[in-house]
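The values are calculated or read from the model by the stated rules, or taken from the named source; none is laboratory data. Just so we're clear, the structure is a prediction, and the values are computed from it rather than from any experiment. Positions of Cβ are generated from backbone atoms using ideal geometry, with glycine treated the same way; all protein chains shown enter the neighbour counts. Accessible surface areas use protein heavy atoms only, side chains included; no ligands, DNA or RNA. Shrake-Rupley method; radii C 1.70, N 1.55, O 1.52, S 1.80 Å.
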Amino acid sequence: MAKPKVAFYWCASCGGCEEAVIDLNEDLLKVADAVDIVLWPVAFDFKRKDIEALEDGEIAVSFINGAVRLEEQEEMVKLLRQKSQLVVAFGACAHLGGIPGLANFYSREEIFQRAYKEAPTVENPEGVTPQERTAVDIGELTLPEFYDTVKTLDQTIPVDYYLPGCPPPPDLIMNAIDAILKGELPEKGAVLAPNKALCDTCPRAEERPEKILIKEIKRPHEIKLSPWKCFLEQGVICLGPSTRSGCGERCINANMPCRGCMGPIDGAVDQKAEALSKIASLLGVGEEGGMTEEEVKKLFDEIVDPAGTFYRFSLPASLSCKKEWNWRTK
Ligand code: SF4
Ligand code: SF4
């Protein structure tokens with residue numbers, strides 16, 4: 001019997017999701033044995049025309065990592081959607097926009113200005129910036145269009161499932177591949193990770209008082225962090241109360257607070273709003289023995305770079321960005 005065809009593709013990402021596939025270690029051999037990989041640009045020399053030659057729906061599943069920033073990425077994910085029965089948004093950038101999505105704080109012109117003209121390491125006296133078409137002796141060179149905004153994968157094509165994380169943890173990747181091969185997938189649109197908050201699995205939650213009273217917000221480098229105390233109790237913003245679990249508490253175990261790469265749990269419409277509301281409830285706002293609204297407002301006002309703190313992995317998926325996106329893009 002023919003093996004199911006599988007494609008891996010990357011868009012705007014750092015390559016960490018590709019490393020996560022390699023981190024499957026010996027399980028990677030089991031996967032390679034069970035499927036027929038038809039596209040994996042980081043590892044094999046397949047061409048776009050190889051995918052174009054396939055029948056529609058011939059690929060069982062495409063795992064696509066990275067956000068969508070370039071015309072070429074948009075074309076490729078649309079082609080993969082057409083050729084695939086299932087599309088999985090693989091990793092935080094495809095899922096929510098990820099770190100590349102932070103570029104949505106700036107327009108394309110501002111990014112080009114900074115990257116090609118103003119950055120201290122740039123030497124570009126003629127002020128050259130990338131052009132989509134450049135005439136040369138032997139003809140014309142082309143570059144894909146650099147769009148004005150970074151989009152999540154599901155803002156570009158319909159997505160069937162989401163594998164969250166920066167990068168997705170290997171056990172969740174293997175669970176997803178197993179479920180696909182056995183045809184035991186949950187309802188379409190599901191995030192293939194536990195639907196409970198990181199605090200529910202964090203060992204530091206056990207000793208955390210019911211109500212946390214903080215006098216000031218600190219950044220991790222400003223204090224000596226306890227290796228066992230809840231970060232919030234130490235006045236350090238941790239997104240564990242509002243972030244999906246399943247990562248194995250990777251940052252917490254390295255004595256760093258959670259930055260929210262697994263995204264919010266089901267039902268949350270905006271990661272920042274969800275995080276502020278969950279943290280406020282831990283501070284017991286308006287409750288007996290808790291902090292007052294004024295105290296909490298003053299505390300939240302002290303957060304340096306609030307948008308970067310709460311939307312580090314999800315700016316393109318945020319409510320404010322989607323609103324702006326409507327008028328800034330064609
Ligand atoms: S807020 Fe962070 S450190 Fe505290 S219990 Fe939750 S995940 Fe753990
Ligand atoms: S602790 Fe938070 S930021 Fe770190 S890997 Fe887990 S979900 Fe991501």
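A compact table of results
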| read-out | value |
| --- | --- |
| Scope the stretch 255-276; condition more than 16 Å from ligand 2 (Cβ to nearest atom) and farther than 26 Å from PRO227 by Cα; matching residues | GLY267, VAL269, ASP270, ALA273 |
| Test: residue in the stretch 224-234 that is hydroxyl-bearing (Ser, Thr, Tyr), open to solvent by 10 Å² or more (accessible area, probe 1.4 Å) and part of a loop (DSSP other than H, G, I, E, B) | yes |
| Any pair with Cβ under 6 angstrom, 6 or more apart, that starts in the stretch 233-244 at a residue that is at negative phi and among the hydroxyl-bearing types (Ser, Thr, Tyr) and ends at one that is at pLDDT 95 or above and near ligand 1 (Cβ under 9 Å from one of its atoms) | THR243/LEU198; THR243/CYS258 |
| Pick from the stretch 1-38, criterion part of a loop (DSSP other than H, G, I, E, B) and under 22 Å from LEU153 (Cα atoms), ranking: most open to solvent (accessible area, probe 1.4 Å) | CYS14 |
| Selection count, the stretch 295-305, where residues are part of a helix (DSSP H, G or I) and open to solvent by 70 Å² or more (accessible area, probe 1.4 Å) | 4 |
| Matching residues, the stretch 83-113, being open to solvent by less than 40 Å² (accessible area, probe 1.4 Å) and aromatic (Phe, Trp, Tyr) | PHE90, PHE112 |
| Unmet requirement for LEU80, which otherwise passes all of (1) touching a residue at least 24 places away in the same chain (Cβ under 8 Å); (2) open to solvent by 20 Å² or more (accessible area, probe 1.4 Å) | (2) |
| Selected residue [under 26 Å from the mean Cα position of the chain (by Cα), of a type in the set (A, V, I, L, M), more than 22 Å from ASP301 (Cα to Cα) and at pLDDT 95 or above] from LEU198, LEU181 | LEU198 |
| Looking only at the stretch 184-213, and only at residues there that are assigned to a loop (DSSP other than H, G, I, E, B) and within 12 Å of ligand 1 (Cβ to nearest atom), the one that is surrounded by the most Cβ atoms within 10 Å (Cβ to Cβ) | CYS202 |
| Selection from the stretch 311-328 of residues that are in contact with a Ser or Thr (Cβ under 6 Å, 6 or more places away or on another chain) and modelled with pLDDT of 60 or more | TYR311, PRO316, ALA317 |
| Sole exception among (1) open to solvent by less than 60 Å² (accessible area, probe 1.4 Å); (2) within 13 Å of ligand 2 (Cβ to nearest atom); (3) more than 22 Å from the chain's Cα centre (by Cα) for ARG244, by number | (3) |
| Selection count where residues are open to solvent by 20 Å² or more (accessible area, probe 1.4 Å) and among the acidic types (Asp, Glu), scope the stretch 156-183 | 2 |
| Only one of ARG250, ARG219 that is surrounded by fewer than 19 Cβ atoms within 10 Å (Cβ to Cβ), within 26 Å of the chain's Cα centre (by Cα) and either away from ligand 2 (no atom under 11 Å from the Cβ) or at positive phi (or both) | ARG219 |
| Unmet criterion (only one of (1) touching a residue at least 24 places away in the same chain (Cβ under 8 Å); (2) among the basic types (Lys, Arg); (3) more than 23 Å from GLN73 (Cβ to Cβ)) for LYS151 | (3) |
| Boolean, LEU276 is modelled with pLDDT under 95 and either crowded, with 20+ Cβ neighbours inside 10 Å or within 13 Å of ligand 1 (Cβ to nearest atom) (or both) | no |
| Leading residue by the ranking (farthest from VAL68 (Cα to Cα)) among those in the stretch 123-145 that are hydrophobic (A, V, I, L, M, F, W, C) and assigned to a strand (DSSP E or B) | VAL136 |
| Among residues of the stretch 248-294, those that are assigned to a loop (DSSP other than H, G, I, E, B) and under 22 Å from LEU102 (Cα atoms), counted | 12 |
| Scope the stretch 279-294; condition at pLDDT 85 or above and surrounded by fewer than 19 Cβ atoms within 10 Å (Cβ to Cβ); matching residues | SER281, THR292, GLU293, GLU294 |
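Table: residues versus (1) within 16 Å of ligand 2 (Cβ to nearest atom); (2) under 30 Å from SER226 (Cβ atoms).
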{"residue": "LEU141", "(1), (2)": "no, no"}
{"residue": "ALA176", "(1), (2)": "no, no"}
{"residue": "GLU184", "(1), (2)": "no, no"}
{"residue": "GLU187", "(1), (2)": "no, no"}
{"residue": "LEU198", "(1), (2)": "yes, yes"}
{"residue": "ILE212", "(1), (2)": "no, yes"}
